[in-house]
1. Among 69-75, 115-121, how do they line up from the highest to the lowest mean number of other beta-carbon atoms within 10 Å?
2. In debye, nearest 20: dipole of segment 47-104 around its Cα centre with unit charges on the Cβ of K, R (+) and D, E (-)?
Amino acid sequence: MMAASVLALVLSLLLAIACWSHEPAGIGCHLHSFNVTIKRDPGGSCHSTHTLQACVGYCESSAFPSKYSVLRASGFKHNITSVSQCCAISKMQKVKVQLRCGGSRPETMELFTAKACQCDMCRLSRY
Ligand SMILES: *[C@@H]1O[C@H](CO)[C@@H](O)[C@H](O)[C@H]1NC(C)=O
Ligand SMILES: *[C@@H]1O[C@H](CO)[C@@H](O)[C@H](O)[C@H]1NC(C)=O
């Protein structure tokens with residue numbers, strides 16, 4: 001009786017963890033692995049692939065009818081007030097990778113990878 005209820009508790013905890021770990025795919029802003037291939041020569045015979053992390057997901061945005069003070073100050077043009085956030089990288093880390101090309105000595109390069117994500121101000125430009 002006792003053992004059965006402990007087992008049931010453990011099972012329901014495990015199920016809760018399993019469900020929780022599936023949830024991030026849809027909601028929120030989370031770390032996401034992707035592979036990059038680094039080529040050193042134009043022919044591409046010397047290359048290596050590394051797994052890095054990005055932040056991917058969903059953050060809240062909203063649009064409200066503007067407050068009357070905003071309406072009046074803008075001559076009734078600014079009639080919608082929008083707020084939005086983007087999935088952003090809150091912590092980055094440098095990783096050193098080695099690229100070995102033929103007989104030459106290995107070359108070390110530094111790449112950036114995401115360590116933590118959060119919904120934050122949108123930065124629209126990529127470059
Ligand atoms: C990245 O590459 C590794 C090894 O080749 C592979 O197992 C993994 O599935 C790849 N990951 C992604 C996100 O493509
Ligand atoms: C809100 O303002 C824009 C111009 O600033 C106007 O074109 C639009 O019709 C307005 N919307 C409403 C619902 O009045």
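Just so you know, all these numbers are worked out from the coordinates, no wet-lab data involved. This structure is a prediction, so every number in the text was calculated from the model and none was measured. Reconstructed Cβ throughout: ideal geometry from the backbone, glycine too, with neighbour counts over all protein chains shown.
1. Peptide ranking by packing, descending: 115-121, 69-75.
2. Here segment 47-104 has a charge dipole of around 200 debye.
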